[in-house]
Amino acid sequence: VPERLERSLGDIGKASDRMKRLTEDLLDASRGELPRLVVGQADLALLAARAVEWAQHAATEKAVTLVDASGAASSPLPVLADADALMSVIGNLLSNAIRYTGPGGRVELACGAEEKEVWVAVRDTGVGMTPEVQARIFERFYRAPNARQSAAGLGIGLYLVSRLVDAH
């Protein structure tokens, strides 16, 4: 039991540090400032699997099935990146997918590599987006009309995602 408690406290500390970093990134993004990256070796597959673990509670509460479709942690995907930033990207995509998918729906995360590039994909059975919304979804403070009616948010999350991806 003491080992489990120690591991849990370590996980809580890491999650707290990540939340602090995410808060700082959101504040920077709200001001239009560039994200600050701390680049190092990371495993995209491990980060994706961890993001699925962290999002599982929200999915379960909403009766949404959350699936790691590629078995992300089964084979490493080494990248030179900011691991916290990638967790923010993947976590935000999963959070949005869960938020806009109704009970009984499904959210899938997959990741992989092709030649010298890695990729992450999130697919859901949610409300979807019109082409007009798709064209604007990464704008700062933009929220789709159906998003304004159905869920809380500031329209900054996907803007932050795009900034972090661009910074990489």
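Details
- Surface composition of the chain: carbon and sulfur make up 56 percent of the accessible area, probe 1.4 Å.
- Vicinal HN-Hα couplings computed from phi for region 119-135 (Karplus, 6.51 cos²θ - 1.76 cosθ + 1.60; Hz; Gly/Pro x): 9, 9, 10, 10, 10, 9, 9, x, 5, x, 9, 6, x, 5, 5, 4, 5
- Peptides 122-134, 52-64, 98-110 ranked from most to least packed, by the mean per-residue count of other Cβ atoms within 10 Å: 98-110, 52-64, 122-134.
- Close amide H partners of LEU77, meaning residues 5 or more places away or on another chain with modelled amide H under 5 Å apart, are LEU44, ALA45, LEU46.
- Amide H within-cut-off set for THR125, under 5 Å, with H built and near neighbours excluded: ARG106
- FRET efficiency, 1/(1 + (r/R0)^6) with R0 35 Å, evaluated for TRP119 and ARG36 via beta carbons: 0.90
- Net dipole in debye of the chain [+1 Lys, Arg Cβ; -1 Asp, Glu Cβ; about Cα centre; nearest 20]: 540
- 16 Å cut-off, amide nitrogen to a point 7 angstrom out along VAL165 Cα→Cβ, residues in region 33-59: 35, 48
- Computed 3J(HN,Hα) for region 53-61, one whole-Hz value per residue from the Karplus formula 6.51 cos²θ - 1.76 cosθ + 1.60 where θ = phi - 60°, is 4, 5, 7, 4, 4, 4, 5, 4, 4, glycine and proline marked x.
- Förster radius 30 Å - calculated FRET efficiency between MET129 and ILE12, Cβ distance, rounded to 0.05: 0.30
- Other-chain or far-sequence residues with amide H under 5 Å of LEU66's (modelled H): VAL107
The values are calculated or read from the model by the stated rules, or taken from the named source; none is laboratory data. Given the structure is predicted, the values throughout are model-derived calculations rather than measurements. Note: ideal-geometry Cβ built from the backbone for every residue, glycine included; neighbour counts use all protein chains shown. These accessible areas exclude ligands, DNA and RNA; they are computed on the full protein's heavy atoms, side chains included. Shrake-Rupley method; radii C 1.70, N 1.55, O 1.52, S 1.80 Å.
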